[in-house]
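In what follows, a single structure is set out as C-alpha cells and then discussed.
The values are calculated or read from the model by the stated rules, or taken from the named source; none is laboratory data. Bear in mind that the values here come from a model prediction, so they are computed numbers and not experimental data. Every residue, glycine as well, gets a Cβ built from its backbone with ideal geometry; the counts of neighbours run over all protein chains shown.
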C-alpha cells in the first residue's frame, strides 16, 4: 500500500518503522521546507518527501495526518477533493494493537480542560494497583510506540485527532467538560464540540461505557452512560450512590481538579476496581508538570507554573482557585478567538496585578483595560515586574490563556522557561 504521512510531527515520525515493517511504501508530504536534520532522518529511512503538498499526496492509497493539520489546509483540500482515504496515528495504532490483542481495554479521555490530569490519574491508579498500563496519546507519547500485549491503554484524545479518525472508539470514553477552544483551528464551535462528542457516541454505539459531564448534551440511548459533576467530591469525600471514597490528596481536592478526580474515580469503578484500592492509590498521585505546578518560593513569594492553560476556560478555573490569596497573574500567548471578558473581569476583581506580554497584548487591548493590568515585552520582564508588586505570602501565577507559539515551541518550553527564571531569582 502507498501511504503518505502528512506532516512530520511526533506521532507520524513514530509511524515510519511500523508502516515499513508491514511492507508499505511510505513517503512524506509536508507544507513547508524541512530542516536538515529532518531530511537526514528521512534519507536514512529511505523515505521520499515533498515540501509542499502535491503529487506524492495525490497518488497515495492512504493519508495519515499529523493531528495539527487543520481542516481548511491545502492538504485537506487535496484529500477531500481526490477522495483519498485518511486516518491518523492514534486510529492506525489502535487498529494494529486490536488485531493482536482483542481483549485490550482502551480508555479515551477527551474534553476541553483537564485531559492530561485525568488521563495521568487513571493510568497512575491502574499501575499502582499492579497492572501494566500504557499512558499516552495527545499527552505526548504516541500510541504506536506502545507494546501490543498490555491489558490497559489510557489515552488523552484531542479534537484534532478525532477529526481525522473515522472508526476509532475506546471501550470507555470520558468527556470531562466542553468550553470554547481551538476556534483558530476548527471551522466553528459546533465542529469542535462534535469532535469531542463523537468519541463518546462511537463508544456508546458499540455498547461501551461513557463517563460524561452532566453539563454536556450526550443523548444517545445505547451503551452505559454515567453522568457526573465535580460536586460529587465535597470536603475531600467522593460520594456516588451509597459509595464513599476519601480523596487523601491536596492536589485533587483543589476546586479546579475535582472534576478530573470525579471522572477518574468513576472510570476506575466502572472498570471493576474496588473502593479501597482506588482510595489508597489516589493519595500518591502528583500534579503533572505545567498544571498549577508549584515551582518555588523566593523571598516569601510562591510561584506556580500553569503553562498548560492555553485557553480562557482553563485560565479562569486556575485563577479562581487562588481567589483567597493575593496573587500576580501572567497572561501571554496566541489567543484562540475566545471571549476574554469573563477572564478580564475575574482578574480585575481578584488579582493584585495582571501582567500581559506577547500576542495576548493585542487581544486584551480590544477590551476595556482594568487599572491593574500592565503590559510588558517578555516573560523575563514579567517576573522582574512581579517582584515590584508582590509581597511576602503572595503568589505569582503563569496561567496564560493562550497558545505558546508566539514565543515558544510548546507550552512545555514556556513552562520550563518560567521555572528556570524562578530558579534564578
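Data overview
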{"read-out": "Residues of the range 82-112 classified as in contact with a helix residue (DSSP H, G or I) (Cβ under 9 Å, 6 or more places away or on another chain) and outside any loop (DSSP other than H, G, I, E, B), total", "value": "17"}
{"read-out": "Those strands (runs of 3 or more DSSP E) lying entirely in the range 224-268 with at least 1 residues over 21 Å from residue 201 (Cα atoms) and touching a helix residue (DSSP H, G or I) at 6+ places or on another chain (Cβ under 6 Å)", "value": "237-240, 243-246"}
{"read-out": "Total residues in the range 288-313, condition in contact with a helix residue (DSSP H, G or I) (Cβ under 9 Å, 6 or more places away or on another chain), part of a loop (DSSP other than H, G, I, E, B) and crowded, with 20+ Cβ neighbours inside 10 Å", "value": "8"}
{"read-out": "Within the range 274-287, considering residues that are out of contact with any helix residue (DSSP H, G or I) (no Cβ under 7 Å at 6 or more places or on another chain) and buried (at least 17 other Cβ atoms within 10 Å of the Cβ), the one farthest from residue 420 (Cα to Cα)", "value": "279"}
{"read-out": "Matching option when the condition is in contact with a strand residue (DSSP E or B) (Cβ under 7 Å, 6 or more places away or on another chain) and under 30 Å from residue 85 (Cβ atoms), among 247, 157, 211", "value": "157"}
{"read-out": "Pair list, Cβ under 7 Å, 6 or more apart: the range 260-276 residue outside the structural domain of residue 233 (by TED's automatic domain parsing), other residue surrounded by fewer than 21 Cβ atoms within 10 Å (Cβ to Cβ) and in a loop (DSSP other than H, G, I, E, B)", "value": "none"}
{"read-out": "Test: residue 344 is modelled with pLDDT under 95 and in a helix (DSSP H, G or I)", "value": "no"}
{"read-out": "Neighbours by Cβ (under 8 Å, 6+ apart or cross-chain): first from the range 340-362, without any contact (Cβ under 8 Å) to a residue 24 or more places away in the chain; second surrounded by fewer than 23 Cβ atoms within 10 Å (Cβ to Cβ)", "value": "361/375"}
{"read-out": "Tally of residues being touching a residue at least 40 places away in the same chain (Cβ under 8 Å) and assigned to a loop (DSSP other than H, G, I, E, B) across the range 277-287", "value": "3"}
{"read-out": "Test: residue in the range 119-134 that is touching a helix residue (DSSP H, G or I) at 6+ places or on another chain (Cβ under 8 Å) and at pLDDT below 95", "value": "no"}
{"read-out": "Sole residue being touching a residue at least 12 places away in the same chain (Cβ under 8 Å) and over 18 Å from residue 145 (Cα atoms), chosen from 43, 72", "value": "72"}
